Structure formats: C-alpha cells, structure tokens
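Note sheet for the following structure.
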Amino acid sequence: MDLDLCIFIDALDEHNGPPEFIAEFLKDITKPRNSRTRIKILFSSRPWDAFKDAFPNCPGFQIHEHTDNDIRELCTHVINNECPGSQELFQLVEEIVKRAKGVFLWVKLVLQDLSKTAAAALPGSSSEALSSELRIALQNLPEDLVEYYSTIVERIPQSFRREAFCLLEVVAKGDEIYLADVLKILCCLNFTRFFELRQILENQDERTPEHWATLLRTYTGGLIEIHKPPEHKLQLLHQTTVDFVQLPEFKNIVLRSGTHAISDNGHTFLVKLTLLKIPGEENGSSSSPLY
C-alpha cells in the first residue's frame, strides 16, 4: 500500500534539546528509502543557524511577511472603545504592525505597556499630548524580545529583585511549579537551616490565590504566567523568556550590584523546595545547614 504522509510541526526552535539533533532526525526520516511510504515535513521556527545550515536548499518563506492582517486584528481586539486612550492607540496600529515583524508576543507586550501609559496620562492630557506621549513611548520600546525582557526587569523595584531572580530561576528550571508553591519558593531565598524555615512559615498568614497571583506579577513584571484553575501551574511567558533566563548574564541583569549577595541558582532553590515538600520536614528541628 502506497502512503504519502505530510507532517506539520510548529515552533521547531522550542524543541527541548539541541537544534542539531532534531534537524538531523527530520532529515533522516525524510530520506528516500526502499519503501512505499513517502514523508514530507512542513515546519516553522525562528531562523536559527542550525536549521538554516541543515536545510539550505529547502523551500521556505518568512511568515511575518504574511501576518500583517492578523496583527491588525489583534490590535483591534485589544484596543476597544473602553480602553483608556483608545482613539490615540488606534492611530499607532500601523506603526505597531510594521515593527512587529510577525511577533505576536511583542505586540501583546507593547499594547499592555501603551495601555498603561494612556491610563496614567488620563485624565488631564489633551488628545494631541496623549498621542505624542504614546508615540514616544512606542519608539522607546525595543523590538528584540530579549531586550524587551531586560526592560521589564529594569522596571521591577530594586527591593524586589532578589524575589524576581528566585522565582524566574525556579520556574525556568523546574517541571511542575504551581501558584501554591510561591510561599515556599520565597522561603528558599531566605533560609539555610530548617529552624529558620519554621520561623518564617510561622509568621505567614493564610493568603488567597489572588494574593499570590498579584504578588507574582509584582515580583516578576508579568514574565511568569499562571494557568487556569484548579492547578494554577506556573510557566514562563514564552520560550524566548526561557532563553532569556538561561543567559549567562541573566543574574547580573536582575541583581546588578547585588549579584554576589546570592550564591544560589535555580537548581539549588529547587533542592530546597523539594526538601520542603517532604512531609514533616518543615516541622523538623534540625539546625544543620542544608549544604
């Protein structure tokens, strides 16, 4: 029996492993063989060198050249008549479409920032003044997502940077992290002995999920998102956010002058968190260091 098989793969760059490995795998399964099965693959990816080198002669296209209308529709959906400064924001749609280059996440972040700028400026600003302020704000926003994430981190108050570093590291390196874990994660930042942990937990009141969600946004600038109930699983905003947290300079970007004050990283935080989840450990009396 002859079989023609077409496989569609989205976001090949989000494969959890070396891009060279997945590229070689795709090349291998599409090699002509003495078989009645023929396989063709259509995949999307960021233009990484590993993929361009592996498939230099394969036909392709720049998807962002065909998404302008979709981005306009997204802008129209987000900017409604009840949005502060909606008329002035609508005037910037074409500029947003032009600069987006098909990156919908960038559009989402930009619209959030511009909406906040408009809300802060109103009331009290004329339409002309608001339009000018929004246009300047848009021009100052970086097009590169990694630079945008750095900008978001810079907005986090310095007094919250340790918490931001801890939470982002844990969510980036952990597999199953939930909103209910936030208190224990933050405790990992502030203790090295179990008796210290007990003192910290005893001083904490019962808080609602809404409280922890608000605290999470405050500490991380929205770089961590929360899945819908009942699980409230935490994950970074996008694969590019994971890449950002994994940068060698990430710690310095977040902590700046306080870089040397923290010796922990996501892996050591996760070890502490795992110990805290062992039944009875949080009530232990050991005064020995964890490591």
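Determine, yes or no, whether residue 103 is surrounded by 13 or more Cβ atoms within 10 Å (Cβ to Cβ), under 22 Å from the mean Cα position of the chain (by Cα), within 30 Å of residue 123 (Cβ to Cβ) and of a type outside the set (Phe, Trp, Tyr).
Details: surrounded by 13 or more Cβ atoms within 10 Å (Cβ to Cβ): yes; under 22 Å from the mean Cα position of the chain (by Cα): yes; within 30 Å of residue 123 (Cβ to Cβ): no; of a type outside the set (Phe, Trp, Tyr): yes.
No; evaluated as a whole, the condition is false for this residue.
Suppose we filter the range 153-193 for residues that are small (Gly, Ala, Ser) and crowded, with 18+ Cβ neighbours inside 10 Å; how many remain? Explain how you work it out, then say what you get.
Step one: list which residues in the range 153-193 are small (Gly, Ala, Ser), which gives 159, 164, 172, 174, 180.
Still in the list and also crowded, with 18+ Cβ neighbours inside 10 Å: 164, 172, 174.
Selection size over the range 153-193: 3.
Can you give me the number of residues within the range 144-193 that are among the acidic types (Asp, Glu), closer than 24 Å to residue 232 by Cβ and more than 13 Å from the chain's Cα centre (by Cα)? Before you say what the answer is, go through the steps one by one.
Filtering the range 144-193 for residues among the acidic types (Asp, Glu) gives 144, 147, 154, 163, 169, 175-176, 181.
Next cut, closer than 24 Å to residue 232 by Cβ only: 163, 169, 175-176, 181.
Next cut, more than 13 Å from the chain's Cα centre (by Cα) only: 163, 175-176, 181.
Final tally of qualifying residues: 4.
Show me the helices (runs of 4 or more DSSP H) entirely contained within the range 23-128 in which 3 or more residues are closer than 30 Å to residue 3 by Cβ and at pLDDT 90 or above. I'd like the intermediate steps shown before the answer.
On the way: elements: 49-54, 68-78, 86-90, 93-100, 104-121.
In the range 23-128, 49-54 are the helices (runs of 4 or more DSSP H) which contain 3 or more residues that are closer than 30 Å to residue 3 by Cβ and at pLDDT 90 or above.
When you look at residue 113, is it acidic (Asp, Glu), outside the structural domain of residue 239 (by TED's automatic domain parsing), surrounded by 13 or more Cβ atoms within 10 Å (Cβ to Cβ) and within 26 Å of residue 13 (Cβ to Cβ), yes or no?
yes
Residue 22 - would you say it is surrounded by 13 or more Cβ atoms within 10 Å (Cβ to Cβ) and in contact with a Leu (Cβ under 8 Å, 6 or more places away or on another chain)?
Details: surrounded by 13 or more Cβ atoms within 10 Å (Cβ to Cβ): yes; in contact with a Leu (Cβ under 8 Å, 6 or more places away or on another chain): yes.
For residue 22, the condition - surrounded by 13 or more Cβ atoms within 10 Å (Cβ to Cβ) and in contact with a Leu (Cβ under 8 Å, 6 or more places away or on another chain) - is met.
What helices (runs of 4 or more DSSP H), lying completely within the range 136-194, carry at least 3 residues that are under 26 Å from residue 231 (Cβ atoms) and not polar (S, T, N, Q)?
Details: elements: 145-155, 161-173, 182-190.
Ranges flagged: 161-173, 182-190.
What is the one condition in (1) of a type in the set (Ser, Thr, Tyr); (2) surrounded by 15 or more Cβ atoms within 10 Å (Cβ to Cβ); (3) over 30 Å from residue 271 (Cβ atoms) that residue 150 does not satisfy?
It is condition (3) that residue 150 fails.
How many of the residues making up the range 1-19 are surrounded by 13 or more Cβ atoms within 10 Å (Cβ to Cβ) and either farther than 30 Å from residue 172 by Cα or without any contact (Cβ under 8 Å) to a residue 40 or more places away in the chain (or both)?
4
Considering every residue within the range 222-233, establish whether at least one is surrounded by 15 or more Cβ atoms within 10 Å (Cβ to Cβ), modelled with pLDDT under 90 and over 17 Å from the mean Cα position of the chain (by Cα).
Within the range 222-233 (the criterion being surrounded by 15 or more Cβ atoms within 10 Å (Cβ to Cβ), modelled with pLDDT under 90 and over 17 Å from the mean Cα position of the chain (by Cα)), the answer is no, since none of the residues qualifies.
Would you mind finding the one in 55, 90, 51 that is in the same structural domain as residue 121 (by TED's automatic domain parsing), of a type in the set (Phe, Trp, Tyr) and surrounded by 14 or more Cβ atoms within 10 Å (Cβ to Cβ)?
Working: 55 fails: in the same structural domain as residue 121 (by TED's automatic domain parsing); 51 fails: in the same structural domain as residue 121 (by TED's automatic domain parsing).
Criteria check complete, one pass: 90.
Residue 165: modelled with pLDDT of 95 or more, out of contact with any Asp or Glu (no Cβ under 6 Å at 6 or more places or on another chain) and in the same structural domain as residue 249 (by TED's automatic domain parsing), yes or no?
Details: modelled with pLDDT of 95 or more: yes; out of contact with any Asp or Glu (no Cβ under 6 Å at 6 or more places or on another chain): yes; in the same structural domain as residue 249 (by TED's automatic domain parsing): yes.
Against the criterion (modelled with pLDDT of 95 or more, out of contact with any Asp or Glu (no Cβ under 6 Å at 6 or more places or on another chain) and in the same structural domain as residue 249 (by TED's automatic domain parsing)), residue 165 qualifies.
Just checking, how many residues over the range 207-244 are closer than 16 Å to residue 156 by Cβ, of a type outside the set (S, T, N, Q), touching a residue at least 40 places away in the same chain (Cβ under 8 Å) and assigned to a helix (DSSP H, G or I)?
Residues that pass the stated criteria total 3.
So, in the range 233-271, how many residues would count as being touching a strand residue (DSSP E or B) at 6+ places or on another chain (Cβ under 9 Å) and of a type in the set (A, V, I, L, M)?
Qualifying residue count, the range 233-271: 5.
In the list 85, 60, which residue meets the criterion of being touching a residue at least 12 places away in the same chain (Cβ under 8 Å) and surrounded by 13 or more Cβ atoms within 10 Å (Cβ to Cβ)?
Values: 60 fails: touching a residue at least 12 places away in the same chain (Cβ under 8 Å).
Only one candidate qualifies: 85.
Within the set of pairs 6 or more residues apart or between chains, which connect a residue that is without any contact (Cβ under 8 Å) to a residue 40 or more places away in the chain inside the range 29-42 to a residue that is of a type in the set (Asp, Glu) with Cβ atoms less than 6 Å apart?
Taking only residues 6 or more apart or on different chains, the pairs are 36/2; 38/4.
The values are calculated or read from the model by the stated rules, or taken from the named source; none is laboratory data. Predicted model only: the values in this text are computed from it and were never measured. Virtual Cβ from ideal backbone geometry, glycine too; neighbours counted across all protein chains shown.
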